[in-house]
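The values are calculated or read from the model by the stated rules, or taken from the named source; none is laboratory data. Keep in mind that this is a model prediction, so the values were computed, not measured. When we count neighbours, we look across all protein chains shown, and the Cβ atoms used for this are built from the backbone with ideal geometry, even at glycine. SASA here: full protein model, heavy atoms, side chains in, ligands and nucleic acids out. Shrake-Rupley method; radii C 1.70, N 1.55, O 1.52, S 1.80 Å.
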Amino acid sequence: FEYLLRARQRTGAKLVVVDPRRTPTAAYADQHLAIRPHTDMALAYGMLAHIIERDLYDRAFVQAWVLGFDDLKAHVAKQGFT
């Protein structure tokens, strides 16, 4: 936990905690997303859809190292988040 605080101070990064409960880590977070239990996959699909739609991923890295990315894109689209 301390490494997160040091990294945040050093880099200026933001800490976002996704947890239905207000944990000690959430208390230190810049943003706490208190999602309802069992909605984490909906959040993940929404984040993936946003990243894919807006080309916010490293295409060269994905092409060189990621297997099944086209299948992932199709699956996210099929879930209705695009």
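For region 48-73, the tally of residues that are surrounded by 14 or more Cβ atoms within 10 Å (Cβ to Cβ) and not β-branched (Val, Ile, Thr) stands at 5. Please go through region 9-27 and give me each residue that is farther than 18 Å from Met47 by Cβ and in contact (Cβ under 8 Å) with a residue 24 or more places away in the chain, ordered by number. Within region 9-27, Thr25 is the sole residue that qualifies. All conditions in (1) touching a residue at least 12 places away in the same chain (Cβ under 8 Å); (2) surrounded by 12 or more Cβ atoms within 10 Å (Cβ to Cβ) hold for Gln31, with the sole exception of (2). Scanning region 1-20 for residues that are aliphatic (A, V, I, L, M) and part of a loop (DSSP other than H, G, I, E, B) returns Ala13, Leu15.
For (1) under 17 Å from the mean Cα position of the chain (by Cα); (2) in a loop (DSSP other than H, G, I, E, B), each residue gets a yes or a no:
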residue	(1), (2)
Arg22	no, yes
Ala27	no, no
Leu43	yes, no
Val76	yes, no
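Can you find a residue that is within 23 Å of Ala7 (Cα to Cα) and open to solvent by 60 Å² or more (accessible area, probe 1.4 Å) anywhere in region 19-26? Yes, because at least one residue in region 19-26 is within 23 Å of Ala7 (Cα to Cα) and open to solvent by 60 Å² or more (accessible area, probe 1.4 Å).
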